[in-house]
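Comments concern the structure below.
The values are calculated or read from the model by the stated rules, or taken from the named source; none is laboratory data. Because the structure is a prediction, the values reported are computed rather than measured. Quick note on the areas: whole protein, heavy atoms, side chains included, nothing else; ligands and nucleic acids left out. Shrake-Rupley method; radii C 1.70, N 1.55, O 1.52, S 1.80 Å.
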Amino acid sequence: MNLTDDQKAVVRQWIDEGLKLSDIQKRLASELGVHLTYMEVRLLISDLQVMPKDAEPPAPPPATMPPPAQPSPTAEEAAEEDTDEAEDASPAPPGTGQVSVSLDTVAMPGAALSGKVTFSDGQKAQWYLDQYGRLGIAPTNKGYRPSPGDIQAFQMRLQQELEKMGF
């Protein structure tokens with residue numbers, strides 16, 4: 001492993017160029033006729049007191065485009081939205097299709113997504129979406145079946161909530 005000063009300078013130049021140790025080992029053999037093991041090349045680099053450059057980190061995958069920024073609502077629009085939300089929260093007669101849907105921050109075991117739903121008659125249930133895209137509802141009260149209007153409203157509200165979350 002005795003290299004001349006000229007050979008050591010060449011190795012330093014290769015390190016500065018960003019060559020990997022395996023590439024340096026190959027070039028030592030082909031260009032300088034010096035056959036070293038990989039470990040000997042590592043020791044040589046250590047003896048020369050130079051550090052190989054770290055490889056460039058891979059470029060992050062392109063992110064999906066964020067939804068366009070919504071303009072800030074005026075005070076009048078904000079007040080109107082508050083009254084709309086208050087109307088949504090008020091109890092509706094059973095079967096009218098007014099439901100509230102929320103998403104869990106951590107999905108229940110075995111589900112890709114999950115959350116809670118409150119139907120127009122006040123009954124609550126856990127909903128889940130499995131890995132195959134199948135939607136299921138587990139009512140709090142056994143045997144409860146929401147009205148067809150509530151099911152349709154639930155599916156529409158769920159779709160809106162998922163779109164808000166970027167799904």
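For a straight C-alpha distance cut-off of 25 angstrom, the lysines reachable from LYS116 (same-chain residues fewer than eight places away being disregarded) are LYS124, LYS142, LYS164. Counted residue by residue at 0.36 nm each, then reduced by the alpha carbon distance between them, the extension gain from LEU135 to SER100 reaches 11.0 nm.
Rg and Dmax, both from the Cα atoms of region 1-42 and both in Å, are 9.2, 23. Extension gain, LYS8 to SER30: 0.36 nm times the residue separation minus the Cα-Cα distance gives 6.4 nm. Would you mind pulling out the separation of the Cα centroids of region 13-48 and region 106-139, in Å? Cα centroid of region 13-48 versus Cα centroid of region 106-139: 60 Å apart.
Rounded to the nearest 10 square angstrom, SER22 shows an accessible area of 40 square angstrom against a 1.4 Å probe.
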